[in-house]
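The structure appears right after this line, and notes come after that.
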Amino acid sequence: MVENKNLLLGICGSPRKQGTDFAVQYALNYAAEKFSFEIEYWTVRGKEIKFCTHCDYCIREKKGCINEDDISELYTKLEESKFLLLGTPVFQGTMSGQLKTLLDRCRGLVAKKPNVFKDKYGI
């Protein structure tokens, strides 16, 4: 997998299409216009996202997560991007459960490729 030095991946952690969705897409479009970023958008809305059960399959096998769901398509995008933008509504004083689950599931990606997030920038 080759990293695209100019790719900004925006991830919307909201299960609803409202403010956060708009804010993430607005920020992506602004970055594309102002800084000539290539942009990609991914949302948790409508996706099947299974929980990490801490089964350690990813640690033992180094093949990613045992769960097969919609996050599998995101792993490639995470590897290719140089910049990450995460947007989430605030639920009970913290990020959405969907975004938390997505971040937990990145364990499988890191187990397979320990340096996958090295030298990436996040917003």
Taking amide H positions as placed in the peptide plane 1.01 Å from N, state which residues far from residue 41 in sequence (5 or more) or on other chains have amide H under 5 Å from it. 10
How large is ³J(HN,Hα), in whole Hz, for each residue of segment 75-88 in order, when computed from phi with the Karplus curve 6.51 cos²θ - 1.76 cosθ + 1.60 and θ = phi - 60°, using x for Gly and Pro? 3, 4, 4, 5, 5, 6, 7, 9, 10, 10, 10, 10, x, 8
Need the list of lysines near residue 112 for cross-linking: C-alpha distance under 19 angstrom, and skip anything on the same chain fewer than eight residues off. 50, 62, 63, 77, 82, 120
Which whole-number percent gives the relative contact order of the chain, counting Cα pairs below 8 Å spaced six or more residues apart? 37
With no solvent and one equal point scatterer per Cα, compute the Debye intensity ratio I(q)/I(0) for the chain at 0.18 Å⁻¹ and report its log10, rounded to two decimals. -0.98
Between 81, 14, 72, find the one with the highest GNM mean-square fluctuation for the chain; connect C-alpha pairs within less than 10 Å. 72
With x for Gly and Pro, the residue-by-residue ³J(HN,Hα) of segment 14-30, computed from phi through the Karplus equation 6.51 cos²θ - 1.76 cosθ + 1.60 at θ = phi - 60° and given in whole Hz, is 9, x, 10, 9, 8, x, 5, 4, 4, 4, 5, 5, 4, 4, 4, 5, 4
Whole-Hz Karplus ³J(HN,Hα) for segment 32-45, in order, using 6.51 cos²θ - 1.76 cosθ + 1.60 and θ = phi - 60°, x for Gly and Pro? 5, 6, 6, 10, 6, 6, 7, 10, 9, 10, 9, 10, 7, 4
Set Lys and Arg Cβ to +1 and Asp and Glu Cβ to -1, take the dipole of segment 7-122 about its Cα centre, and tell me which of 96, 76, 29 lies farthest positive. 96
For residue 81, residues with placed amide H under 5 Å, excluding near neighbours: 4
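Where nothing but the Cβ of Lys and Arg (+1) and of Asp and Glu (-1) is charged, how large is the charge dipole of segment 7-122 around its Cα centre, in debye to the nearest 20?
The dipole magnitude comes to about 280 debye.
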P(r) over all Cα-Cα pairs of segment 1-43, 10 Å bins from 0 to the longest distance, whole percent per bin, short to long, reads 30, 48, 21, 2
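Which value, in nm² and rounded to one decimal, describes the direction-averaged projected area of the C-alpha convex hull of segment 65-106? Each step should come with its number before you reach the end.
Details: hull surface 13.6 nm².
The directionally averaged projection comes out at 3.4 nm².
Just so you know, all these numbers are worked out from the coordinates, no wet-lab data involved. What you are looking at is a predicted structure, and each value in this text was computed from that prediction instead of being measured. Cβ sites come from the backbone with ideal geometry, for glycine too, and all protein chains shown count toward neighbours.
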